[in-house]
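Here is the structure we will look at.
Quick note: the coordinates plus some simple rules give every number you see, no bench work behind them. All values reported here derive from a predicted model rather than from experimental measurement. Cβ sites come from the backbone with ideal geometry, for glycine too, and all protein chains shown count toward neighbours.
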Amino acid sequence: MKKWLYTLCLISIAALAASPPIMPNHQWTPGAVDPKSTVDKICTPHYTEQVRDVPESVKKRVFATYGIDPASDHYEIDHLISLELGGSNDISNLWPQSYTTLPYNAHLKDHLENTLHSMVCKGAVDLATAQKAISTDWIAAYQEYVK
């Protein structure tokens with residue numbers, strides 16, 4: 001009986017350790033903004049192409065911090081506060097986000113980012129409000145702004 005319980009505990013711990021992060025760990029990824037970002041800048045077409053710069057070495061450090069194999073094609077290194085909302089390329093704004101978790105995954109967060117970007121550029125939401133919403137709890141922000 002004890003051996004069965006011990007085995008069950010090990011399996012449970014392994015499953016928890018292997019489960020993909022749906023939310024970033026805010027100790028490792030609190031979010032960071034680029035202090036030079038403004039509404040005018042982020043609303044300029046192709047802005048993110050000009051500022052996107054995350055070296056592979058930083059991506060590998062993010063994967064290592066979260067205990068995820070960098071060779072996995074089930075994740076992207078995501079900006080918690082997206083570049084299109086004035087987010088920074090700093091490691092404190094990066095986390096491995098799963099493509100496969102359901103219902104919340106990288107594709108849904110991308111939709112939220114696009115929605116918030118559009119709302120900020122139209123003046124419907126303040127930039128600081130959008131940044132705080134997505135960095136605090138992107139799922140709650142999705143439910144508020146997209147659904």
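Considering the chain as a Gaussian network with a 10 Å cut-off on Cα pairs, which listed residue, GLY123, GLY86, GLY31, attains the greatest mean-square fluctuation?
GLY123
Sort THR115, THR136 by Cβ crowding within 10 Å, fewest neighbours at the top.
Ascending number of Cβ neighbours within 10 Å: THR136, THR115.
Can you check how the C-alpha radius of gyration of segment 72-147 compares to 2.2 N^0.38 Å, as a plain ratio?
1.04
If you build the convex hull over the alpha carbons only and average its shadow over all orientations, what do you get for the chain? Give it in nm² to one decimal.
With every direction weighted equally, the projected area is 10.2 nm².
Could you tell me the number of lysine pairs in the chain with C-alpha atoms less than 23 Å from each other, where the two lysines are 8 or more residues apart or belong to different chains?
Pairs that pass both the separation and distance tests number 14.
Please name which of VAL33, CYS121, TYR104 has its Cα lying farthest along the dipole of segment 31-145 towards the positive end, using unit charges on Cβ (Lys, Arg +1; Asp, Glu -1) and the Cα centre as origin.
VAL33
For the chain, modelled as a Gaussian network with Cα springs under 10 Å, which listed residue fluctuates most, LEU102, LEU94, LEU85?
LEU102
Short version: ³J(HN,Hα) in whole Hz for each residue of segment 47-54, in order, from phi by Karplus 6.51 cos²θ - 1.76 cosθ + 1.60 (θ = phi - 60°), x for Gly and Pro, what are they?
4, 5, 5, 7, 10, 5, 7, 10
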